[in-house]
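Step one of this worksheet: look at the structure below.
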Amino acid sequence: MVKSVFWPATLAMVDAIAKILLVAGVAGLLIRKKVLTQEHIKGLSEATVKVFLPCLTFSVILKQFHPYQTPNWWVLPVIGFVFPIVFMGVTALFYIPQVKQNMNKYPVASLQNVGYLVLPIGEILYHGEFAQFAVYVFLLILGFNIALWTVGKLMISYQAGKTEIKLAEMITPPFVANVLGILIVLLKTGRYVPNLILEPVSILGQAAVPLGMFILGATLGAVDFRRLPRWVDVVKLSLVKYVLMPATAMGLLILTGLRWSNPLLADVLLIESTAAPAANLIVIVKKYGGNQQLVGSLMLIMYFEAILMMPLWLGIWRVI
């Protein structure tokens with residue numbers, strides 16, 4: 001039974017991460033050969049955060065968010081928001097007493113790649129139920145994006161020596177688009193948004209994912225392997241990301257009985273808890289500042305770890 005889950009999930013992970021690494025190689029080569037500069041990548045990041053990601057978020061919510069078709073739908077966005085926030089706090093415990101100085105590391109351990117790495121696994125392992133699998137993932141993303149673009153943004157862009165933290169810095173264009181889109185759907189006013197506006201917004205949004213991958217690739221490809229993160233940081237963050245988060249999720253799913261009452265949703269939540277760091281963390285660092293070398297090198301290591309850890313936890317989940 002473990003093999004029937006482990007190998008398909010592993011192959012799906014290898015395929016998804018190989019695409020990222022291929023983009024990383026191409027983008028990194030373009031940077032190193034000076035065909036593109038870091039200023040170009042920063043400009044792409046600006047456009048992605050201010051235009052393409054808000055357009056993607058807004059159009060997807062208006063087209064795919066159907067709350068009244070899923071009973072208790074609101075629970076999943078709450079989980080998507082609360083779970084990573086809680087584990088940012090858990091990660092902070094490993095850095096006492098220098099909690100503030102190490103804030104830019106916490107999101108790498110607690111904010112996962114909710115969609116891009118999870119959906120390919122779902123398509124392979126849950127082919128007959130993939131439509132419902134994707135609905136659950138989308139609802140989680142609603143809450144997760146708020147966590148990513150508020151608290152996550154504040155922490156990942158934190159730089160040593162900064163003395164003041166402004167809550168206003170958590171108001172970002174993707175966050176505004178997320179909240180606006182949800183409100184429009186909940187108030188049932190979406191019919192007043194004409195296709196003449198929604199379709200161009202949707203077209204612009206389609207550029208967000210490939211641009212995000214390219215920015216991630218350019219940053220990972222430009223990582224200086226002579227300045228890798230401290231092994232103690234890798235161990236701490238990996239312990240949170242690939243041990244504590246999935247173990248906690250597994251325990252809660254068993255204790256609440258969700259594993260038996262809704263096995264598909266339980267599998268989605270377990271897989272999400274094991275996913276590699278969110279690709280948009282790099283986009284945020286590029287746009288709002290931060291330690292690009294540290295974040296990029298940590299993410300590169302943790303993406304390689306995900307190839308083993310994601311299918312391993314799913315295999316364990318299936319046999320216990």
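FYI, it's all coordinate maths here, none of it is from the lab. Remember, it's a predicted structure, so these values are computed and weren't measured experimentally. Quick reminder, even Gly has a Cβ in these numbers, built from the backbone with ideal geometry, and neighbours come from all protein chains shown.
Holding the Cα-Cα limit at 32 Å, pick out from 50/100; 19/153; 63/100 the pairs that are longer than that.
63/100
For the range 2-319, with the dipole built from +1 on Lys and Arg beta-carbon atoms and -1 on Asp and Glu ones, taken about the Cα centre, which of 222, 92, 301 lies farthest toward the positive end?
222
According to a simple spin-label model (label point 7 Å from Cα along Cα-to-Cβ), what is the distance in nm between residue 180 and residue 198?
Placing both labels 7 Å along Cα→Cβ, they lie 1.6 nm apart.
State the extension gain, in nm to one decimal, for the chain segment bounded by residue 247 and residue 264, taking 0.36 nm per residue of separation less the distance between their alpha-carbons. Walk me through the numbers on the way to the answer.
Numbers: separation 17, 0.36 × 17 = 6.12 nm, distance 1.79 nm.
The residue 247-residue 264 span can extend by a further 4.3 nm.
Please list, or write none, the aspartates and glutamates whose alpha carbon is within less than 17 Å of the alpha carbon of residue 286, excluding same-chain residues fewer than 8 places away.
39, 46, 169, 224
Looking only at 252, 269, 117, which one moves most when the chain is put into a Gaussian network model with springs between Cα atoms under 10 Å?
252
Counting only C-alpha contacts under 8 Å and six or more residues apart, can you give the relative contact order of the range 99-222 as a whole percent? Working shown, then result.
Details: 57 pairs, mean separation 32.8, N = 124.
Here the relative contact order equals 26 percent.
So between residue 188 and residue 318, what do we pick up on full extension, going 0.36 nm a residue minus the alpha carbon distance? Display every interim value, and only then the final one.
Working: separation 130, 0.36 × 130 = 46.80 nm, distance 4.02 nm.
Computed gain between residue 188 and residue 318 is 42.8 nm.
Which residue, 121, 197, 79, has the most motion in a Gaussian network model of the chain that connects Cα atoms within less than 10 Å?
Highest fluctuation of the listed residues: 197.
For the chain, what does the helix formula give at 222 nm: sum of -39500 (n - 2.57) over DSSP H segments with n ≥ 4, over the residue count, nearest 500 deg cm²/dmol? Mind showing how you got there, number by number?
Working: 17 runs with 219 residues, N = 320.
When only DSSP H runs of four or more count, the value is -21500 deg cm²/dmol.
Separation between the residue 73 and residue 293 pseudo-spin-labels, each 7 Å from Cα along Cα→Cβ, expressed in nm?
In this crude label model, residue 73 to residue 293 measures out at 4.7 nm.
Here are several values of Cα extents along the principal axes in Å: [x] 50, 50, 38; [y] 58, 49, 35; [z] 76, 47, 40. Which one was derived from the coordinates shown?
Working out Cα extents along the principal axes in Å from the coordinates points to [x].
On full extension of the chain, what length is gained from residue 37 through residue 95, given 0.36 nm per residue of separation minus the C-alpha to C-alpha distance? Walk me through the numbers before you get to the answer.
On the way: separation 58, 0.36 × 58 = 20.88 nm, distance 3.46 nm.
Separation in residues times 0.36 nm, less the Cα-Cα distance, equals 17.4 nm.
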